[in-house]
1. If you check 119, 58, 29, 70, which single one turns out to be under 16 Å from residue 140 (Cα atoms), modelled with pLDDT under 90 and touching a strand residue (DSSP E or B) at 6+ places or on another chain (Cβ under 8 Å)?
2. Take the residues of region 44-70 that are surrounded by fewer than 18 Cβ atoms within 10 Å (Cβ to Cβ) and under 14 Å from the mean Cα position of the chain (by Cα): which is nearest to residue 83 (Cα to Cα)?
3. Within region 80-98, how many residues turn out to be over 21 Å from the mean Cα position of the chain (by Cα), surrounded by 15 or more Cβ atoms within 10 Å (Cβ to Cβ) and at pLDDT 85 or above?
4. Among (1) in a loop (DSSP other than H, G, I, E, B); (2) outside the structural domain of residue 40 (by TED's automatic domain parsing); (3) at pLDDT 85 or above, there is one condition residue 190 misses while meeting the rest; what is its number?
5. Of all residues in region 80-117, count the ones that are assigned to a strand (DSSP E or B), closer than 18 Å to residue 66 by Cβ and in contact (Cβ under 8 Å) with a residue 24 or more places away in the chain.
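The values are calculated or read from the model by the stated rules, or taken from the named source; none is laboratory data. Just so it is clear, the structure is predicted and the values come from calculations on it, not from any experiment. Because the Cβ atoms are built from the backbone with ideal geometry, glycine has one as well, and the counts that use them run over all protein chains shown.
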């Protein structure tokens, strides 16, 4: 009785290992194209939209999650935060067949001088069917070289706007006071005092 129970446990353990072995040894890989993007000669204040590609180099479907790091994360958005990606046929060949496109939108900040912005677009993913097999990640390096903004409004500071608003308010108040005094018949005259020589 004890022998048969032990044999059953051993047999069950072997079957379980055989069942889990393909999952545990599943190859998970992810790639993004291009690996590096350099954007030159863009004027500050402009908006740039670009399409990139994320693809699966493993042997099973994955869920790819997209994120941002570095300076570009302050003014960049990606249109899809999560993508279901089927694996590429093996051996891997170009062009990519099952990859998924996503769009990155760069809202370049206006500036009165040239700027260099750096950062990464990160694609990370794991098995779409569960957590077995681990997670992988790849980063696309991004460099943006922007020139000074030529638009006049980009050079106006908040302090200058406040001062201008105060001056305009003062002028409006003077005009209103003048209209009010005319309606009331109030006149202000300035007489010059006669000097000794007049």
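1. On the way: 119 fails: modelled with pLDDT under 90; 58 fails: under 16 Å from residue 140 (Cα atoms); 70 fails: modelled with pLDDT under 90.
Among 119, 58, 29, 70, only 29 is under 16 Å from residue 140 (Cα atoms), modelled with pLDDT under 90 and touching a strand residue (DSSP E or B) at 6+ places or on another chain (Cβ under 8 Å).
2. 67
3. The initial filter retains those residues of region 80-98 that are over 21 Å from the mean Cα position of the chain (by Cα), namely 85-98.
Going one step further and asking which of them are surrounded by 15 or more Cβ atoms within 10 Å (Cβ to Cβ), we end up with 85-88, 96.
So of that shortlist, the ones also at pLDDT 85 or above come out as 85-87.
Going through region 80-98 one residue at a time, the tally reaches 3.
4. Every condition holds for residue 190 apart from (3).
5. Residues of region 80-117 that are assigned to a strand (DSSP E or B), as a first pass: 82-85, 87, 100-107, 115-117.
With the extra rule that they be closer than 18 Å to residue 66 by Cβ, the set shrinks to 82-85, 100-107.
Those left that are additionally in contact (Cβ under 8 Å) with a residue 24 or more places away in the chain: 83-85, 100-107.
Looking only at that region, the number is 11.
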